[in-house]
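The values are calculated or read from the model by the stated rules, or taken from the named source; none is laboratory data. Note that this is a predicted model, so its numbers are computed, not measured. Using ideal geometry, Cβ is built from the backbone for each residue, glycine included, and neighbour counts are taken over all protein chains shown. Calculation scope for accessible area: heavy atoms of the full protein, side chains included, ligands and nucleic acids excluded. Shrake-Rupley method; radii C 1.70, N 1.55, O 1.52, S 1.80 Å.
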Amino acid sequence: MSKPGLLSVTEALKRIVACAPSSLATETLPLRQCCGRYLAEDLTASRAQPPFRASAMDGYALRSDAVGPLPQTFRVIGESAAGKRFDGKIGANEAVRIFTGAPVPDDADTVVMQEDTDASGSDVIIREFHPGKPHIRDAGVDFTAGRVLLQAGQRLDARRLGLAAAAGIASLKVCKKPRLALLATGDELALPGMACTDDQIYSSNSFSIHALAEEVGAEVIDLGIAEDNFEALERAIVRAKEARADIIVTMGGVSVGDRDLVQPALTRQGMTTDFWKVAVRPGKPLLFGKLDETLIFGLPGNPVSAFITGLLFVLPAIRSLCGVKNAAELPMESCLLGASLPVNGDRQDHLRATLGFNEHGLLTATPCQSQDSSLLSVLSQADALIVRLPLEAAAAHGDLCRILRF
């Protein structure tokens with residue numbers, strides 16, 4: 001059970017996805033430009049693959065009912081190569097030289113591997129024959145005409161683009177990239193490479209969230225750093241609206257301090273708050289709302305908190321805008337704990353952890369020694385988050401745990 005008064009992670013994700021528009025505009029792109037994009041409509045095969053019976057081996061195509069006591073000699077009457085079939089008839093003691101991927105002649109029902117034969121002029125001698133291994137790939141063994149090869153919402157990677165190409169598809173309808181406007185806030189921040197006073201720190205959140213969003217397919221608009229005053233914040237919000245952002249992400253200024261002005265600034269610009277504060281560690285002061293049709297996320301200022309809430313909440317919103325089904329479901333997996341853990345508190349916890357293997361070759365997750373939400377050096381060394389539910393019981397070394405890989 002989550003802490004009273006705080007929204008659970010699961011409920012927060014449901015609300016975020018429910019608020020996301022059902023789909024964005026689409027565009028049609030050449031296949032080579034589709035890597036990393038999300039398919040906007042189902043892709044259906046217009047023909048079978050392969051479209052004919054194909055040889056799985058180099059060898060000789062013949063009729064199995066013609067094979068008698070071995071060795072046996074067959075007359076080679078032609079050749080079937082990839083891209084150029086043999087169109088003739090095959091008699092009882094005849095064979096066709098065939099190569100891998102080539103169409104199998106209509107009269108043949110088996111291919112004898114080259115390794116089981118000896119060529120002799122215009123003849124071939126069959127030394128071995130295995131009736132149960134015809135070495136023929138049936139037409140449509142990969143896919144048949146009319147089959148849905150890829151579904152709308154799937155992200156296009158090397159494997160899926162290869163499948164589309166095999167189906168003869170030259171272009172695909174994909175979702176346009178969601179436009180995400182990114183705003184860091186705080187008088188204490190300076191951009192890397194610029195002068196930084198003794199009382200300032202370098203802005204890191206905008207770079208990590210920028211990379212997270214781009215990795216899942218968003219187009220990022222960097223609004224820079226806004227000072228801690230209403231005028232600067234509202235100017236940045238107006239710029240995000242003018243840029244037609246689908247998502248606005250602010251970082252810092254969403255807690256309860258006197259200088260935490262992000263939420264009132266957004267409200268003055270017309271934002272309706274859906275929720276503020278989630279039963280999550282790190283990252284409790286998470287803000288979510290809508291400004292017209294634009295999704296608003298106010299992430300905490302601590303670097304690790306910003307990264308983890310971006311991973312948990314902003315990325316599912318991006319995927320939902322791209323038509324991904326079940327976008328609220330985080331890709332968890334199970335592994336073994338590399339160290340003991342005490343009873344968890346009343347918020348869902350996310351422990352930075354390194355992955356390895358135990359003496360049996362099984363995957364293990366070991367929590368990093370420090371879990372302070374300001375330590376980017378620890379986050380950069382981690383491979384995953386160990387996810388612990390509110391009030392989860394103590395766990396021993398070697399127990400099962402759930403992880404979310406980076």
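5 Å is the cut-off here: which amide hydrogens, built 1.01 Å from N in the peptide plane, fall below it relative to residue 48, excluding neighbours closer than 5 in sequence? For residue 48, the qualifying residues are 145.
Rounded to the nearest 20 debye, the dipole magnitude of the range 34-171 is 560 debye, with +1 charges on Lys and Arg beta carbons, -1 on Asp and Glu beta carbons, and the Cα centre as origin. With a simple spin-label model that places each label point 7 Å from the Cα along the Cα-to-Cβ direction, the separation between residue 46 and residue 148 comes to 2.0 nm.
Each part reduced to its alpha carbon centroid, the range 47-120 and the range 140-218 end up 48 Å apart. Reported to the nearest whole Å, the Cα centre-to-centre distance from the range 267-325 to the range 343-397 is 23.
Residue 206 sits with roughly 10 Å² accessible to a 1.4 Å probe, with DNA, RNA and ligands left out of the calculation. The mean sequence separation of alpha-carbon pairs under 8 Å and at least six residues apart, normalised by the residue count of the chain, gives a relative contact order of 17 percent. Distance between the pseudo-spin-label points of residue 273 and residue 141 (7 Å out from Cα toward the beta carbon): 6.3 nm. Quick one: go through the range 261-304 and flag any residue whose amide nitrogen is under 20 Å from the point 7 Å out along the Cα-to-Cβ line of residue 242. Within reach of a label on residue 242, which here means backbone N under 20 Å from a point 7 Å along Cα→Cβ, the range 261-304 contributes 265-271, 291-295.
Rounded to the nearest 10 square angstrom, residue 210 shows an accessible area of 50 square angstrom against a 1.4 Å probe. The C-alpha atoms of the chain define a longest principal axis, and helix 205-215 lies at about 20 degrees to it.
Cross-link partners of residue 173 among aspartates and glutamates, defined as those whose alpha carbon lies under 16 angstrom from its own and excluding same-chain residues fewer than eight positions apart: 27, 41, 42, 157. Straightening the chain between residue 11 and residue 165 buys 51.4 nm, computed as 0.36 nm per residue apart minus the Cα-Cα spacing. Given [x] 22.9, 74; [y] 20.3, 65; [z] 30.3, 95, which label gives Rg and Dmax of the Cα atoms in Å as computed from the coordinates? Answer label, from the structure shown: [z].
When a 1.4 Å probe is rolled over the protein heavy atoms, the share of accessible surface on the range 327-395 that falls to carbon and sulfur comes to 54 percent.
Here the extension length gained between residue 201 and residue 360 equals 52.8 nm, from 0.36 nm per residue of separation less the Cα-Cα distance. When only the Cβ of Lys, Arg, Asp and Glu is charged (+1, +1, -1, -1), the dipole of the chain relative to its Cα centre reaches about 880 debye.
Please calculate the 1.4 Å probe accessible area of residue 97, with all protein chains present, and give it to the nearest 10 Å². Roll a 1.4 Å probe over it and residue 97 shows about 50 Å².
Cross-link check: pairs 14/241; 177/241; 177/284; 89/133; 290/325 evaluated at a Cα-Cα cut-off of 27 Å; pairs beyond the cut-off: 177/284.
Label-to-label distance, residue 325 versus residue 35, with points set 7 angstrom from Cα along the beta-carbon direction: 2.7 nm. A protection proxy built from the mean count of other Cβ atoms within 10 Å ranks the segments 383-392, 322-331, most packed first, as 383-392, 322-331.
Label point of residue 394 set 7 angstrom out along Cα-Cβ; within the range 336-372, amide nitrogens under 13 Å from it belong to 340-344.
Here the Karplus curve 6.51 cos²θ - 1.76 cosθ + 1.60, taken at θ = phi - 60°, turns the phi angles of the range 81-91 into couplings of 10, 4, x, 8, 7, 8, 9, x, 9, 10, x Hz, with x standing for Gly and Pro. Rounded to the nearest whole Hz, the Karplus-based 3J(HN,Hα) values (6.51 cos²θ - 1.76 cosθ + 1.60, θ = phi - 60°) of the range 37-52 follow the sequence 8, 9, 5, 8, 8, 4, 9, 10, 6, 8, 8, 7, 10, x, x, 8, with x at glycine and proline.
Projected over every direction and averaged, the convex hull enclosing the alpha-carbon atoms of the range 60-159 yields 8.5 nm². Set the Cα radius of gyration of the range 227-306 against 2.2 N^0.38 Å, with N its number of residues, and you get 1.02. Per-residue 3J(HN,Hα) values for the range 98-109, derived from phi via the Karplus relation 6.51 cos²θ - 1.76 cosθ + 1.60 with θ = phi - 60°, read 9, 10, 4, x, 7, x, 7, x, 4, 7, 8, 10 Hz in sequence order (x marks Gly and Pro).
Taking the range 169-205 and a reference point 7 angstrom along Cα→Cβ of residue 219, the backbone N atoms nearer than 17 Å belong to 173-182.
When the Cα positions of 341, 55, 167 are compared along the charge dipole of the chain, 167 comes out farthest toward the positive end, with charges on each C-beta of Lys, Arg, Asp and Glu. Using the Cβ-Cβ distance between residue 376 and residue 113 with R0 = 56 Å, the FRET efficiency computed as 1/(1 + (r/R0)^6) comes to roughly 0.45.
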